[in-house]
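Data first, discussion second: the structure below is written as C-alpha cells.
Nothing in this text is a laboratory measurement; each read-out follows from the coordinates by a stated rule. Because the structure is a prediction, the values reported are computed rather than measured. For neighbour counting, all protein chains shown are included, and Cβ atoms are generated from backbone atoms with ideal geometry for every residue, glycine included.
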Amino acid sequence: MRDFRKYEVWQLSHSLALEVYSQTINFPKVEQYGITSQLNRAVVSIPTNISEGCGRNSDAEFHRFIQISLGSAHEVEYLLQLSLDLKFIDLEKYKLLDAQVNLVKQKLYHLAQKLNSK
C-alpha cells in the first residue's frame with residue numbers, strides 16, 4: 001500500500017487546496033453555491049483522488065485515480081480563470097494559483113506516464 005503523503009504531487013495539491021479555500025472565503029456570498037462550491041470541490045478532488053488511488057492494489061487502478069485528479073486540476077484551472085474574469089480574485093493571486101495548478105498538472109501527468117509504462 002502506498003502512503004499518499006510521500007508523493008510530492010499530493011503535497012502540492014494539498015497546499016493548492018488550502019490556498020484556494022483561503023481565497024474563496026472572500027468570494028461574493030451569492031456565489032456560495034455556485035463558483036465557490038464548484039471550485040472548492042474541484043480543488044479538493046485532486047489530493048482526494050491521489051489519496052484514494054494510493055489505497056488501490058494495482059498500478060492500473062492508481063493510474064485511473066491520477067487521471068481523475070488531472071481532470072479536476074483542469075477544472076480548477078478554468079474556474080480560476082473565470083474567477084479572475086469576474087474579478088473575484090486579483091491578477092497577482094490568479095498568477096500564483098495558476099502557476100500552482102499547472103505545476104500540479106505537470107506532476108500528475110508525469111506520474112500517470114510513469115504508471116502507464118509499468
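Annotations for the structure displayed:
- ³J(HN,Hα) computed for each position of segment 59-72 - Karplus, 6.51 cos²θ - 1.76 cosθ + 1.60, integer Hz, glycine/proline x: 4, 5, 5, 4, 4, 4, 6, 5, 5, 5, 4, 5, x, 5
- Checked against a 26 Å cut-off, the cross-linked pairs Lys6/Lys87; Lys87/Lys107; Lys6/Lys105; Lys6/Lys118 give Cα-Cα distances beyond that limit for Lys6/Lys87; Lys87/Lys107.
- Each peptide in 16-27, 88-99 gets a packing score, the mean of other Cβ atoms within 10 Å over its residues, and the list from highest to lowest is 16-27, 88-99.
- Simple rule: put +1 on each Lys or Arg Cβ and -1 on each Asp or Glu Cβ in segment 4-117, find the dipole, and look at Tyr7, Val101, Leu91; the Cα lying farthest toward the positive end is Tyr7.
- Spatially proximal aspartates and glutamates relative to Lys114 (Cα-Cα < 14 Å; intrachain offsets below 8 disregarded): Asp59, Glu61
- Label of the coordinate-derived value, volume of the Cα convex hull per residue in Å³, listed as (i) 84; (ii) 112; (iii) 123: (i)
- Rounded to the nearest 20 debye, the dipole magnitude of segment 47-110 is 80 debye, with +1 charges on Lys and Arg beta carbons, -1 on Asp and Glu beta carbons, and the Cα centre as origin.
- Coupling constants for segment 111-116 follow from the phi torsions by the Karplus curve (6.51 cos²θ - 1.76 cosθ + 1.60, θ = phi - 60°), and in residue order they are 5, 4, 4, 5, 5, 5 Hz; glycine and proline get x.
- Charge dipole (Cα centre; +1 on Lys/Arg Cβ, -1 on Asp/Glu Cβ; no other charges) of the chain amounts to roughly 320 debye.
- HN-Hα J in Hz across segment 43-57 - Karplus 6.51, -1.76, 1.60, θ = phi - 60°, x for Gly and Pro: 6, 6, 4, 5, x, 5, 6, 4, 4, 5, x, 5, x, 7, 8
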